[in-house]
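The values are calculated or read from the model by the stated rules, or taken from the named source; none is laboratory data. Small disclaimer: the values here were computed from a predicted structure and weren't measured. Cβ placement follows ideal geometry from the backbone for every residue including glycine, while neighbour counts extend to all protein chains displayed.
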Amino acid sequence: MELGQFYGEFITIALAHLFAVASPGPDFAIVMKHSISYGKRVALITSLGIGAAIFIHVAYALLGIGLIINTTAWLYDLLIILASLFLIYIGWGAIQSAPSSEQQQELTESGELSGKKAFFLGFLTNGLNPKATLFFLSLFTVIVNVETPTLIKGMYGVYLALATTVWFCVLSLILSRQNVRQFFSRKGYVFDRVMGAVLILLAVNILYAEIFAKLLNS
């Protein structure tokens, strides 16, 4: 097996992933929120959770479940609905953020969110991210050749997980800088509300594009 023959496919995947991971979405929103609200440590752990969740998408792609999801309308719609409801849940919680006292802000900045919970939130946000689901369904059914060996596909998956982790870790380091956090600290609850609204709008947009638009056209 000549690895050289898969370079073109890998470069296409890497470029597609770069544009996908760099575009704002639920993963970006939660990393930004945790970076500013809790600091570097929590944000980095959240990023590790996001990167680990990539293996969920890779797993269903390698097992052929992605093709089943892509061709089974009701299952695909169910996953999109569940994922969108999760985003709405997170967004609604953020919208309810209220102005905090200085003491509460100090507790938050000292790392009130546990590492375990930060990892879980990052993992769940990406694992149930409709944008990630759609990306991997497209990636492994359109870009990746059906004849590409499973080992090569697995290597693609490892790269995607590592690249995602590195991207959000770098983002965490930038957003958790003291001057950035100070910029948002005075009006942190406003930031939370805006990010919450963004997440809800993303969920509504996905529901409309993937569910309601099909119902209206049927």
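Confirm whether Lys131 is within 30 Å of Val190 (Cβ to Cβ), at pLDDT 70 or above, of a type outside the set (Phe, Trp, Tyr) and touching a Gly at 6+ places or on another chain (Cβ under 7 Å).
yes
Step by step: first the residues of the stretch 84-110, then only those that are modelled with pLDDT under 70 and outside any loop (DSSP other than H, G, I, E, B), then the one that is surrounded by the most Cβ atoms within 10 Å (Cβ to Cβ). Which residue is that?
Only one residue fits best here, namely Thr108.
How about the stretch 122-158: which of its residues are within 11 Å of His57 (Cβ to Cβ) and touching a Lys or Arg at 6+ places or on another chain (Cβ under 9 Å)?
Phe140
Looking at the stretch 184-218 only, could you name the residues that are more than 16 Å from Ile80 (Cβ to Cβ), modelled with pLDDT under 75 and among the basic types (Lys, Arg)?
Passing the criteria: Arg186, Lys187.
Go through (1) closer than 13 Å to Pro130 by Cβ; (2) modelled with pLDDT of 85 or more and name the single condition Val170 misses.
Of everything listed in (1) closer than 13 Å to Pro130 by Cβ; (2) modelled with pLDDT of 85 or more, Val170 misses just condition (1).
For Phe19, only one of the following conditions fails: (1) assigned to a helix (DSSP H, G or I); (2) at pLDDT 75 or above; (3) surrounded by 12 or more Cβ atoms within 10 Å (Cβ to Cβ). What is its number?
(3)
Name every residue in the stretch 156-166 that is more than 24 Å from Leu87 (Cα to Cα) and surrounded by 15 or more Cβ atoms within 10 Å (Cβ to Cβ), in order of residue number.
If the condition is that a residue be more than 24 Å from Leu87 (Cα to Cα) and surrounded by 15 or more Cβ atoms within 10 Å (Cβ to Cβ), then Tyr156, Gly157, Tyr159 are the ones that fit.
When you look at Arg181, is it surrounded by fewer than 19 Cβ atoms within 10 Å (Cβ to Cβ), among the basic types (Lys, Arg) and modelled with pLDDT of 75 or more, yes or no?
yes
When residues of the stretch 189-209 are filtered for being over 16 Å from the mean Cα position of the chain (by Cα), within 15 Å of Asp77 (Cβ to Cβ) and either buried (at least 19 other Cβ atoms within 10 Å of the Cβ) or of a type in the set (Lys, Arg) (or both), how many remain?
Adding up the residues that qualify gives 1.
Could you tell me whether Ala59 is at pLDDT 80 or above, over 26 Å from Ile200 (Cα atoms) and of a type outside the set (Val, Ile, Thr)?
Yes: the conditions hold for Ala59.
Does Thr141 fit the bill of being surrounded by 14 or more Cβ atoms within 10 Å (Cβ to Cβ), at pLDDT 75 or above, under 30 Å from Trp74 (Cβ atoms) and over 17 Å from the mean Cα position of the chain (by Cα)?
no
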